[in-house]
Amino acid sequence: MTNEYFIAIMLLSPLVGFLINGIFGRGRWGGYTSGAIATFFALTSFASAAYLVFGLTELADGPRIISATFFDWITVDELKIPARFVVDPISAIMVLVVTGVGTLIHLFSIGYMHEDRGVTKYFSYLNFFLFNMLVLVTGDSLPIMFVGWEGVGLASYLLIGFWFNDEEKATAGMKAFITNRIGDAAFIIGMFILFFHFGTLEFEKINSLVPVGPTLSWLSPLTLGTLLLFIGATGKSAQIPLYVWLPDAMAGPTPVSALIHAATMVTAGVYMIVRLSFLFAAAPYTLMVIAIIGALTVVLAATIGLAQWDIKKVLAYSTVSQLGYMFLACGVGAFGAALFHLMTHAFFKALMFLGSGSVIHGMHHEQDMRRMGGLKKYLPITYFTFLAGWLAIIGMPPFAGFFSKDEILWQSFSSSNGHWIFWAIGVLGATLTSFYMTRLMALTFWGQERFDKKHHHPHESPYSMLIPLIALAVLSIVGGWLGIPHVISEVLPAHPANVLEHWLEGSLVHPIAATAVDGGHADHAALEWGLMGLSVGLALLSAVTAYVFYIVKPEIPKLLVQKLGQAYELVFNKYYVDEIYQRYILNPLVKASEDLWLYVDVRIIDKLTYVLTDMSIGTGKMSKAMQTGNIQTYALYIVMGVAIILTIFFGV
C-alpha cells in the first residue's frame with residue numbers, strides 16, 4: 001500500500017465511523033456497541049497516522065513530506081485548488097495529537113456516556129469532529145484548511161449543545177457557533193486579500209512568493225491579510241475579544257471539553273499561524289498584535305480562574321490562558337515553542353478535563369468544588385493522575401508543562417521580537433496559574449469532606465475511564481522531554497538533544513535570531529538559568545500560598561473576599577464582559593433588527609406588496625367586468641378602439 005492509501009485511511013476512518021453510527025446505530029445500539037465502533041475507527045486513524053509519521057522519520061534526504069492528491073477540487077480561472085493533503089514535521093505532531101488523544105477520549109466516553117439516551121449520536125459526532133480536525137491540519141491550502149475549520153465549528157456546535165433539551169446548554173452551543181462565525185468571516189476576507197495579492201492560496205506557492213524582508217506597513221495586503229487570519233484564530237482559539245464562548249462551552253459532556261477545548265479545536269488558530277509561519281514572519285506588525293493579545297489573554301483568563309467554583313469553569317479559563325501563552329510565543333516569533341506547548345498542553349489539559357469528568361462521575365454529577373473536598377481517598381487513581389496534570393500545568397520540573405512554558409518565557413525575554421514586559425506578564429500568568437490550580441486541587445481532593453454523604457457516595461471510575469487517565473498522566477510526565485532546552489541538556493550526563501527542535505528544523509520560518517540577548521555563552525546560560533529558577537520559584541511559592549489559604553487557614557480567603565469587596569465581585573463576574581457585549585453590541589443589534597423589520601419590512605416592503613397586490617386585483621376585476629360574453633358589447637369596444645386610434649393618428 002502506498003502512502004496515499006494510509007493518508008486516505010487516516011482521514012476517512014473517522015468519517016466511516018460517523019456514517020455507521022449515524023445511519024445504522026441510532027435507536028438500535030447501546031453505548032458500548034456504538035462506543036466500540038467509534039473508538040475502533042479513531043484507533044485505526046491513529047495507527048495510520050503513526051505509520052505515516054514513522055515513514056517521515058526515514059526520509060533523511062530532501063524535504064520530509066508525504067502527500068496525497070486525490071482530485072482537482074476548485075478550478076476557476078487563476079484559482080486552482082487540488083484536494084491535496086500533507087503529512088510533514090508540523091502536521092505530523094498534530095495528527096498524532098488529534099488521533100492519539102482523540103482515541104483516548106473516545107475510550108473514556110464509553111464509561112462516561114454509556115447510559116445517555118443519545119449515546120450513539122454522541123459517538124457519531126465525536127468521529128465527525130475527528131474527521132474535520134484531520135482535514136484542517138493536513139490540508140495543503142487555505143480553502144481546504146477552511147473546510148476543516150468550518151467542519152470542527154459545526155461539530156463543536158453539535159457537541160456543546162448535545163443536551164439541547166436544556167435551554168442553557170442549547171444557548172451555549174449557539175453562542176459558540178455564532179462567536180466563531182465572527183472570526184470565520186474575518187478569515188474568509190483575509191483569504192480573499194491574500195489571493196488577490198499572491199494569486200494563489202496553496203501554502204507552497206505562497207511561500208515562494210512571500211517577500212524576503214519584513215513588510216512595514218499597516219495597510220499592505222500582507223499585514224491586512226494576516227491580521228484578518230489572526231482574528232479568525234481569536235475566534236477558534238478563544239482569545240480577546242472572542243474568548244467568551246469557551247467557558248460557556250463547558251455545558252457539553254465533559255469528554256467533549258477534553259477533546260475540543262483542550263487537545264484539538266481550540267488549538268486550530270495556533271496551528272494555522274505556525275503552519276503559515278513563512279507568511280506571518282514577514283508581517284512584524286501582525287506579530288506584535290498577536291504577542292500583545294496573547295499576553296493580555298494570559299493574565300485576563302488567569303485572574304478570572306481565581307474566583308470560579310465550577311471545576312470545569314476553572315479548567316476552561318485555564319485553557320484560555322494557556323492558549324494565550326501559545327499566541328505570545330507566535331507573536332515573538334517562537335513558532336516552535338508555540339507548537340511544543342500546544343502538544344504538552346493537549347496531554348495535561350485533556351488529562352485534567354477527563355479527571356474532572358471522573359470526579360463528576362464519582363460525585364453523581366456534582367461540579368461545585370465547594371461541595372467536594374477529601375476525595376483523594378475515594379478516587380485514588382483519579383487523584384494521582386490528576387496530580388501529574390497539576391504538576392505539569394504549574395510548571396514544575398521535570399513535568400511536561402515546565403519545558404514548554406519555560407521555552408515560551410525565555411523566547412519572550414530573549415528574542416529580538418520579545419521584551420522583558422512580555423516575560424513579566426508570562427511569569428505573572430504562571431504564578432496565577434499555580435495558585436488557582438492548587439486551589440482546585442485543595443478544594444477537590446484535599447482537606448475536609450464538604451459533600452452531603454446522604455446524597456453523594458464518591459466512587460472510582462471504571463477502567464474504560466481510568467486507562468485514558470493513566471496514559472495521559474504518563475504523557476504529561478515525559479512529553480516535555482522531547483524539548484529539553486540546550487542550557488539543561490548541556491549539564492546532563494547523556495547530553496540529550498532537543499528532539500523537537502531537530503524534528504522541526506527547516507519547517508518553520510523564524511523572523512528573529514535565536515536570541516537577542518547580549519553577552520557571551522556563559523552569561524547567556526547564567527541568565528537563562530536565573531530566569532528559569534525565578535519563574536519556577538514564584539510558581540512554587542504561589543502553590544504553597546494557595547495550600548495555606550485553602551487547607552491550613554481556610555478563613556483567609558473569606559477575609560480577603562470581604563476586604564477586596566467590589567474588586568472581587570469584578571473578577572468573580574468575569575469583568576462583566578458578557579454583560580458589556582450584551583448591552584452595547586447584542587442589544588443594539590437586536591433593536592436595529594427590530595427597527596428594520598418594523599420600519600422597512602412591515603411599513604415599506606409589506607405595504608408596497610399590498611399596494612401592488614391591490615392594483616393587480618383591481619386590474620383583474622376591471623378586465624373581468626369587460627368580459628361580458630355579449631357580442632354587441634365587444635363590437636362597441638372595437639368601434640371605440642378604432643375611434644381612439646383614428647383620433648390619435650389623424651387628429652379626427
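The values are calculated or read from the model by the stated rules, or taken from the named source; none is laboratory data. Fair warning: this is a prediction, and the values are worked out from it, not measured in the lab. Cβ atoms come from the backbone with ideal geometry, glycine included; neighbour counts cover every protein chain shown.
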All positions within segment 266-311 that are under 19 Å from the mean Cα position of the chain (by Cα), polar (S, T, N, Q) and at pLDDT 95 or above: 297
Kindly provide the set of residues from segment 132-143 that are closer than 14 Å to residue 195 by Cα and crowded, with 24+ Cβ neighbours inside 10 Å, ordered by number. 141, 142
All but one of (1) within 18 Å of residue 259 (Cα to Cα); (2) under 19 Å from the mean Cα position of the chain (by Cα); (3) touching a residue at least 24 places away in the same chain (Cβ under 8 Å) hold for residue 124; state the number of the condition that does not hold. (2)
Applying the selection to segment 153-171, what residues are within 16 Å of residue 182 (Cβ to Cβ) and among the hydrophobic types (A, V, I, L, M, F, W, C)? 154
All but one of (1) at positive phi; (2) in contact with a helix residue (DSSP H, G or I) (Cβ under 9 Å, 6 or more places away or on another chain) hold for residue 428; state the number of the condition that does not hold. (1)
Among helices (runs of 4 or more DSSP H) lying entirely in segment 404-491, which contain 1 or more residues that are without any contact (Cβ under 8 Å) to a residue 40 or more places away in the chain and among the small types (Gly, Ala, Ser)? 420-444, 486-489
Could you tell me whether segment 110-124 includes any residue that is hydrophobic (A, V, I, L, M, F, W, C) and in contact with a Leu (Cβ under 9 Å, 6 or more places away or on another chain)? no
Being of a type in the set (Gly, Ala, Ser), assigned to a loop (DSSP other than H, G, I, E, B) and crowded, with 21+ Cβ neighbours inside 10 Å: is that true of residue 233 here? no
Enumerate the pairs (first residue in segment 166-193 and within 13 Å of residue 227 (Cα to Cα); second residue anywhere and among the aromatic types (Phe, Trp, Tyr)) with beta-carbon separation below 9 Å, excluding pairs fewer than 6 apart on the same chain, so at least 6 apart or on different chains. 184/146; 184/149; 186/230; 187/146; 187/149; 188/146; 190/230; 191/146
Being closer than 28 Å to residue 102 by Cβ, assigned to a helix (DSSP H, G or I), touching a residue at least 24 places away in the same chain (Cβ under 8 Å) and not basic (Lys, Arg) is true for just one of 249, 295, 238, 291. Which residue is that? 249
Scanning segment 12-66 for residues that are more than 29 Å from the chain's Cα centre (by Cα) and part of a loop (DSSP other than H, G, I, E, B) gives 27, 28, 29, 30, 58, 59, 60, 61, 62, 63
Given the condition exposed (fewer than 15 other Cβ atoms within 10 Å of the Cβ) and within 32 Å of the chain's Cα centre (by Cα), answer yes or no: does some residue in segment 542-549 qualify? yes
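Quick check on residue 589: is it within 38 Å of the chain's Cα centre (by Cα) and not assigned by TED's automatic domain parsing to the domain that holds residue 303?
Here the answer is yes, as residue 589 does meet what is asked.
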Odd one out for residue 28 among (1) under 26 Å from residue 111 (Cα atoms); (2) loosely packed, with under 15 Cβ neighbours inside 10 Å; (3) touching a Leu at 6+ places or on another chain (Cβ under 9 Å): (3)
In segment 194-208, what residues are free of Cβ contacts under 8 Å to residues at least 24 places away in the same chain and among the small types (Gly, Ala, Ser)? 208
Count of segment 589-598 residues which are surrounded by fewer than 11 Cβ atoms within 10 Å (Cβ to Cβ) and among the aromatic types (Phe, Trp, Tyr): 0
Quick check: is even one residue across segment 292-312 out of contact with any strand residue (DSSP E or B) (no Cβ under 8 Å at 6 or more places or on another chain), hydroxyl-bearing (Ser, Thr, Tyr) and under 22 Å from residue 470 (Cβ atoms)? no
Which one of 644, 631, 604 is surrounded by 10 or more Cβ atoms within 10 Å (Cβ to Cβ), over 30 Å from residue 179 (Cα atoms), among the aliphatic types (A, V, I, L, M) and modelled with pLDDT under 90? 644
Which members of segment 183-203 meet the condition of being touching a Gly at 6+ places or on another chain (Cβ under 6 Å) and over 19 Å from residue 271 (Cα atoms)? 193
Going by what's in this entry, would residue 71 be described as within 24 Å of the chain's Cα centre (by Cα) and farther than 17 Å from residue 105 by Cβ? no
Within segment 613-652, residues being assigned to a helix (DSSP H, G or I) and either charged (D, E, K, R) or touching a helix residue (DSSP H, G or I) at 6+ places or on another chain (Cβ under 7 Å) (or both) number 3
Yes or no: segment 432-452 includes at least one residue that is more than 30 Å from residue 331 (Cα to Cα), in the same structural domain as residue 319 (by TED's automatic domain parsing) and within 24 Å of the chain's Cα centre (by Cα). yes
I need a count of the residues in segment 138-160 that are among the β-branched types (Val, Ile, Thr), within 13 Å of the chain's Cα centre (by Cα) and within 14 Å of residue 12 (Cα to Cα). 0
Taking the criterion of being in contact (Cβ under 8 Å) with a residue 24 or more places away in the chain and crowded, with 24+ Cβ neighbours inside 10 Å, would at least one residue in segment 53-73 satisfy it? no
Which members of segment 212-222 meet the condition of being under 27 Å from residue 87 (Cα atoms) and either modelled with pLDDT of 90 or more or touching a helix residue (DSSP H, G or I) at 6+ places or on another chain (Cβ under 7 Å) (or both)? 222
May I ask you to list pairs of residues, at least six apart or on different chains, whose Cβ atoms are under 6 Å apart, with the first in segment 6-34 being assigned by TED's automatic domain parsing to the domain that holds residue 131 and the second being not in a helix (DSSP H, G or I)? 7/68; 7/85; 31/114; 32/114
